[in-house]
Number of protein chains: 4
Amino acid sequence: MSSNAGTLFRITTFGESHGGAVGVVVDGVLPGMELSEADIQPDLDRRRPGQSRLVTQRKETDTVEILSGVYNGLTLGTPIAMMVPNLDQQSGAYDDMADTYRPSHADYTTEAKYGLRAVAGGGRASARETIGRVAAAAIARKMLAQHGIKVLGWVSQVHETVAKVDADTVTLRQVEADPTRCPDPDAAARMTVAIEGARSDGDSLGGTVTCVARGVPAGLGEPVFDKLEADLAKAVMSLPATKGFEVGSGFSAITMTGREHNDQFVPGPDGHPHTVTNYSGGIQGGISNGETIVMRAAFKPTATIASEQQTVTRDNAPTTLSAKGRHDPCVLPRAVPMVEAAALLVLADHWLRQRALNQ
Amino acid sequence: MSSNAGTLFRITTFGESHGGAVGVVVDGVLPGMELSEADIQPDLDRRRPGQSRLVTQRKETDTVEILSGVYNGLTLGTPIAMMVPNLDQQSGAYDDMADTYRPSHADYTTEAKYGLRAVAGGGRASARETIGRVAAAAIARKMLAQHGIKVLGWVSQVHETVAKVDADTVTLRQVEADPTRCPDPDAAARMTVAIEGARSDGDSLGGTVTCVARGVPAGLGEPVFDKLEADLAKAVMSLPATKGFEVGSGFSAITMTGREHNDQFVPGPDGHPHTVTNYSGGIQGGISNGETIVMRAAFKPTATIASEQQTVTRDNAPTTLSAKGRHDPCVLPRAVPMVEAAALLVLADHWLRQRALNQ
Amino acid sequence: MSSNAGTLFRITTFGESHGGAVGVVVDGVLPGMELSEADIQPDLDRRRPGQSRLVTQRKETDTVEILSGVYNGLTLGTPIAMMVPNLDQQSGAYDDMADTYRPSHADYTTEAKYGLRAVAGGGRASARETIGRVAAAAIARKMLAQHGIKVLGWVSQVHETVAKVDADTVTLRQVEADPTRCPDPDAAARMTVAIEGARSDGDSLGGTVTCVARGVPAGLGEPVFDKLEADLAKAVMSLPATKGFEVGSGFSAITMTGREHNDQFVPGPDGHPHTVTNYSGGIQGGISNGETIVMRAAFKPTATIASEQQTVTRDNAPTTLSAKGRHDPCVLPRAVPMVEAAALLVLADHWLRQRALNQ
Amino acid sequence: MSSNAGTLFRITTFGESHGGAVGVVVDGVLPGMELSEADIQPDLDRRRPGQSRLVTQRKETDTVEILSGVYNGLTLGTPIAMMVPNLDQQSGAYDDMADTYRPSHADYTTEAKYGLRAVAGGGRASARETIGRVAAAAIARKMLAQHGIKVLGWVSQVHETVAKVDADTVTLRQVEADPTRCPDPDAAARMTVAIEGARSDGDSLGGTVTCVARGVPAGLGEPVFDKLEADLAKAVMSLPATKGFEVGSGFSAITMTGREHNDQFVPGPDGHPHTVTNYSGGIQGGISNGETIVMRAAFKPTATIASEQQTVTRDNAPTTLSAKGRHDPCVLPRAVPMVEAAALLVLADHWLRQRALNQ
């Protein structure tokens, strides 16, 4: 179960940072949908290294190839396998880490679990694994868009800089206008300065991604274990470097009272109830209520930093380490398509599950 | 999949708030373990209504009966079914809600999903559903304790009152010393005042539960989708009324730099590396690292309040509603065993999964 | 996974032969369907002991109680838990088997797996476990019947006696007309003599159940692992005492040539292709083709016999054993509702899965 | 779920007959095992077209490439993706089948399910899909062999020719000595004549594969749904062209009495009970008993034949069809590694599951 996610829209990813390829098999795509690599590549381009000076300079084009499940430009309903070769593997950069555990990385825990690890590049814990998720989610995005569901994420905070963004109106164009993927230009400028400062200081920064899903019909989700917010939380918290997740009011709900926090209903012009406020974040009792779904994810500062740190070797001897590989001083700009992917994959799955129930 | 959770330690819950019974079937309990209802009841007693004046006064003894899977006092390795009858069903209290959607409840979304709902008591969205999880987790607790793993939760915040608690040393006895389940006596006293004030004001309060898992060996979890923090997030966010989840530093990681946040390693006296700080919260790359696992969950203020609120009927007509049923002015004291249950069920599952890998 | 089956129509059974109760939790029942115990009991009555002199005389009424998932006589879409108490437990009959392994039973293998077993009655390996499946399948039967799908099984062979039955026209009334559940009266008479002869001789007999599913629309099933015949095979081969499964031509296909065996298509009056023959048994490439699904299951002679047999004790010492408990000299009459249950549960699951795909 | 199988040893296959590639992702391989393509290729060579004049002459080398999960020649414990490109695609051969349903193929049912199909080569229903299973099973074979478990299959019948084979002693070398994969030389000679006769007559033949698993420890399997024979039945019946499955005595159990059929126990020299006979086929109550597991699968005669047959077009108009593509006049020789693969994948999964239980 380690490499599978989803019930009806179901993905299986494979690949390490340094190996032949990374990829994904996507099950549950509806048949008869037009699909080609051109539908997938744009989301991979938003995720890939080297897209701006703010991110890691590893040189990967991350060009995707569809291996199966599409015939004459149409999906068959059968599994769609997609592959992205690993090209720029500077394995030598990892030589001095072979016997040393990088702090706050998965080196030690991977060995504790498996007894060995792929020294070069972090293996399966590498952010390259998310290529498969982003590629699969691009298909989910197209399928859901045909039914009016749209997902959009942006960088809402980097370190101390908080963006001012209207979650109801912000657009993809605004998000993509700046390499930070922060649609508040003032904040974006300050974030840029902060990120570049951290890099030159051998340090790194964290932040938050906010993500909305618009057009989700009421009724998606499950009342108990597979609550929509629970599956979203799992999907987001399975992304590298996430430390927290919240939906709607999130942690700010703590200091509100029930009277303040309850989303009172008013009759909607479409014949359905709508809410005056949206502290619920579009989900009540695990099931979507037709309002915009709003979630937020906290990312820690990148663990790989150029500064010297205290650590131990495989033999439990003390040593120090300064990272030499290429890395992101702040993962937030590249984290946006990853969070969107998490949301898209969960929504596609629950959308299919609801089709079985609700004809 | 709506009523199942877990891969090897796998539970299936059933039951609505008002019906014959609620319960659970637990699969994956190791054979040959001593088990009786006396192992289960204490955790149910911590969860049940009426245990103190701070919680709902619905009168339920929540007495559990084991129906299968135990023979001569020993577990058989086969599914353990447990049942708790519903006794105190004041269905009449819900009569005027039959056609009205309670704000921030699952009434509307349940109907949007299924086309109908059990009007009395919220049906499957009721907190009574968690009886099954708490009962199952009591078995997980016993099984894990035999291998040195202990889980403990407490109320760390109610509304504006933040408790001061040493996560490394706090004990169950300290948590249970006060009906608030806050082990900081000063904070507990202020929480009590706040909760009673909210109740008399027809209002409600939210807060946070912090939960630790001690003695977890390094190696539990998975590197990708089933990261330990991802499964914990899902389990916690599938509890009623949760709005946020964080592990380790959580949202506070945002304003730290990598240099500050990285948990540097030092050689441990047990021959394994240990970390100087624990911002990782005991999990790195989805896999436990042997440090204490620390997580925190945000609970919204109870949606059921006595104050009048604006809402709509099933026919999309405006109306108002004031709750008359018995309810908790603050779910936090009863949420503690629920969060512990979420953590225990996930840890039991991953502990069994690691046994298959690591002999 | 040991106690779960199905993807969308998903059941979890629990209970041993001698314990508080046996039962099942059924997930995936469509909401809004009328349901009461009266829909379940008839199938349980066809399965229960003591229904005729041909079967075991254990005295169980097998009266089912619905614990959840139904409100005001309608299904809620939430899990339906059902329970049947164990009443007639003559545990003493098993005393001399506590340390002795019954030949061709699960006694030894259960201990090899779990390290212990419930001595009385075979524990989880008892045919009483199938109560849960038959009860769940009664719900599937009602749900599928509302969409034109009907499942019917009968005893087609007992030992040397082969029944002559027209699979296209045989009715439930004809099957239920005789305690053997063989709708060929001549064969039924000979089967009765054979079964009673075996019983008085301290011996037992096997045979086959044939089962058809009529009205299954084309398109149910999956092309690879979850082929419809594969899931049917698993469901049937997970019933106690089954040794073989075949679909359509089955083993008789071996001695046919492709020219003989291919089911040629002709235009159907309904605008769909139909087949002249049905050697495919209603399934081609794992997916139903609209023809009647035909399957056959082989049951071994009951392992529990009164004759003395050679065996060993838990300490690997030779001994002998003659069964004293009540038992069936031939399971076939009671196997009919079990095979139907296997087919119904698989069809309900695939029918729901196809709804998600094919709107 | 359509493309996944297994719980802990879990595979996901992808690919159509005519597309970029076929392949598999294998999860659950124990870490630290030496593995390279050289471990996989021999089993693929036993499965591939063109290996002898008895099978289809499609020209595919079926050369496998490992894409992930192996580092420095050792398995990492992470998913192992393997890919085989499709080379010899004579799509033109299928042009006249674009609107015509081949009898006893999956053409019509695939369109009934998905609304469209990959006309060339049968798409996902092609036997090329089994490349992924055979490749995954080669890893299972290596892993299980290190723990003393060996699986071997052979052709035991083609049409009227039944082989005489001692299941206890037959070896891989004997099986591979003849292109028929029948280890009885006399029978193999007659099978060869029969198969070549069928081909020149534009016809095809079916038969049986018998498969044994030796060295399986007692305790593998589950008592209810995931009985070992049930999972084996599903795996075998999910192979193309299978019509029947039996374990141990199989359908021959029908005409035996309990006294004849029961496998009496005798004390084994290893301190464990052993059985005098093996009608159980190595499995009792769903769980292995330490004896050799014996199963048999029936394969229908190949549906693709050169003779003219009656069929219909997509518009439900009558027409005729004579196959022109390359095809096997008898699938049995190539079915042997497929049946072995089915058995290996199930045994690897249950072997891992038992590790979690039984330390």
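Of the residues that make up segment D:253-265, is at least one facing chain C (nearest Cβ under 8 Å), closer than 19 Å to C:Val339 by Cβ and charged (D, E, K, R)?
Scanning segment D:253-265, I find no residue that is facing chain C (nearest Cβ under 8 Å), closer than 19 Å to C:Val339 by Cβ and charged (D, E, K, R), so the answer is no.
Among the candidates D:Leu152, D:Leu144, single out the residue that is within 18 Å of the chain's Cα centre (by Cα), at pLDDT 95 or above and part of a helix (DSSP H, G or I). I'd like the intermediate steps shown before the answer.
On the way: D:Leu152 fails: part of a helix (DSSP H, G or I).
Result of the check over D:Leu152, D:Leu144: D:Leu144.
Being within 14 Å of chain A (Cβ to nearest Cβ) and either surrounded by fewer than 18 Cβ atoms within 10 Å (Cβ to Cβ) or without any contact (Cβ under 8 Å) to a residue 12 or more places away in the chain (or both) narrows it down to one of C:Arg355, C:Arg314, C:Arg326, so name that one.
C:Arg355
Counting only residues that are open to solvent by 10 Å² or more (accessible area, probe 1.4 Å) and not charged (D, E, K, R), which one in segment D:206-219 is farthest from the other protein chains (Cβ to nearest Cβ)? It would help to see each step written out before you state the result.
Going through segment D:206-219, the residues open to solvent by 10 Å² or more (accessible area, probe 1.4 Å) turn out to be D:210, D:214-215, D:217-218.
Pick out the ones that are also not charged (D, E, K, R) and you get D:210, D:215, D:217-218.
Values: D:Thr210: 12, D:Gly215: 15, D:Pro217: 8, D:Ala218: 4 Å.
Per the criteria, the residue is D:Gly215.
Can you tell me which of (1) more than 7 Å from every other protein chain (Cβ to nearest Cβ); (2) within 30 Å of C:Glu222 (Cα to Cα); (3) out of contact with any strand residue (DSSP E or B) (no Cβ under 8 Å at 6 or more places or on another chain) is the one D:Ser200 doesn't meet?
(2) is the only condition that D:Ser200 fails.
Evaluate the following for B:Thr277: is it facing chain A (nearest Cβ under 8 Å), over 26 Å from A:Gly285 (Cα atoms), free of Cβ contacts under 8 Å to residues at least 24 places away in the same chain and not hydrophobic (A, V, I, L, M, F, W, C)?
Details: facing chain A (nearest Cβ under 8 Å): no; over 26 Å from A:Gly285 (Cα atoms): yes; free of Cβ contacts under 8 Å to residues at least 24 places away in the same chain: yes; not hydrophobic (A, V, I, L, M, F, W, C): yes.
Criteria not met by B:Thr277.
Check off (1) within 12 Å of another protein chain (Cβ to nearest Cβ); (2) in contact (Cβ under 8 Å) with a residue 60 or more places away in the chain; (3) acidic (Asp, Glu) for A:Asp96 and give me the number that stays unchecked.
(1)
Looking at segment C:167-176, which of its residues are without any contact (Cβ under 8 Å) to a residue 60 or more places away in the chain and open to solvent by less than 80 Å² (accessible area, probe 1.4 Å)?
Residues of segment C:167-176 without any contact (Cβ under 8 Å) to a residue 60 or more places away in the chain: C:169-174.
Hits for segment C:167-176 are C:Val170, C:Thr171.
Has segment B:105-127 got any residue that is open to solvent by less than 10 Å² (accessible area, probe 1.4 Å), in a loop (DSSP other than H, G, I, E, B) and hydroxyl-bearing (Ser, Thr, Tyr)?
No, that holds for no residue.
I need the strands (runs of 3 or more DSSP E) fully contained in segment D:220-292, keeping only those with at least 3 residues that are on the phi < 0 side of the Ramachandran plot and open to solvent by less than 10 Å² (accessible area, probe 1.4 Å).
Details: elements: D:242-247, D:265-267, D:273-275.
Per the criteria, D:242-247.
Is at least one residue of segment B:72-92 open to solvent by 30 Å² or more (accessible area, probe 1.4 Å), in a strand (DSSP E or B) and touching a residue at least 24 places away in the same chain (Cβ under 8 Å)?
For segment B:72-92, residues open to solvent by 30 Å² or more (accessible area, probe 1.4 Å), in a strand (DSSP E or B) and touching a residue at least 24 places away in the same chain (Cβ under 8 Å): present.
So the check is Cβ under 8 Å with 6+ separation or different chains; which pairs have a first residue in segment B:180-194 that's free of Cβ contacts under 8 Å to residues at least 12 places away in the same chain and open to solvent by 10 Å² or more (accessible area, probe 1.4 Å) and a second one that's among the hydrophobic types (A, V, I, L, M, F, W, C) and part of a loop (DSSP other than H, G, I, E, B)?
These pairs meet every condition: B:Pro185/B:Ala177.
Quickly run through segment D:111-134 and pick out the residues that are in contact with a Phe, Trp or Tyr (Cβ under 9 Å, 6 or more places away or on another chain), facing chain C (nearest Cβ under 8 Å) and without any contact (Cβ under 8 Å) to a residue 24 or more places away in the chain.
Passing the criteria: none in range.
For segment A:48-66, state whether one or more residues are over 17 Å from the mean Cα position of the chain (by Cα), within 23 Å of D:Ile66 (Cβ to Cβ) and facing chain D (nearest Cβ under 9 Å).
yes
Got a sec? Which of B:Lys243, B:Lys234 is more than 17 Å from A:Ile254 (Cβ to Cβ) and within 14 Å of another protein chain (Cβ to nearest Cβ)? Even if it seems obvious, please write down each step before you answer.
On the way: B:Lys243 fails: more than 17 Å from A:Ile254 (Cβ to Cβ).
Result of the check over B:Lys243, B:Lys234: B:Lys234.
For segment D:1-51, what are the residues that are in contact (Cβ under 8 Å) with a residue 40 or more places away in the chain, under 29 Å from D:Phe225 (Cα atoms), among the polar types (S, T, N, Q) and not in a strand (DSSP E or B)?
D:Thr7 - this is the single residue of segment D:1-51 that is in contact (Cβ under 8 Å) with a residue 40 or more places away in the chain, under 29 Å from D:Phe225 (Cα atoms), among the polar types (S, T, N, Q) and not in a strand (DSSP E or B).
Can B:Thr130 be described as open to solvent by less than 10 Å² (accessible area, probe 1.4 Å), assigned to a helix (DSSP H, G or I) and either of a type in the set (Gly, Ala, Ser) or over 13 Å from B:Ser17 (Cα atoms) (or both)?
Taking the combined requirement at face value, the residue does not satisfy it.
What is the residue count in segment B:22-44 for residues that are surrounded by fewer than 23 Cβ atoms within 10 Å (Cβ to Cβ) and either modelled with pLDDT under 95 or within 14 Å of chain C (Cβ to nearest Cβ) (or both)?
Qualifying residue count for the region: 8.
Which of the residues belonging to segment D:73-122 are among the aliphatic types (A, V, I, L, M) and modelled with pLDDT of 90 or more? Steps first, please.
As a first pass, look at segment D:73-122 and keep what is among the aliphatic types (A, V, I, L, M): D:74, D:76, D:80-84, D:87, D:93, D:97-98, D:106, D:112, D:116, D:118-120.
Passing the criteria: D:Leu74, D:Leu76, D:Ile80, D:Ala81, D:Met82, D:Met83, D:Val84, D:Ala106, D:Ala112, D:Leu116.
The values are calculated or read from the model by the stated rules, or taken from the named source; none is laboratory data. Since the model is a prediction, treat every value here as computed from it, not as a measurement. Virtual Cβ from ideal backbone geometry, glycine too; neighbours counted across all protein chains shown. Accessible surface areas use protein heavy atoms only, side chains included; no ligands, DNA or RNA. Shrake-Rupley method; radii C 1.70, N 1.55, O 1.52, S 1.80 Å.
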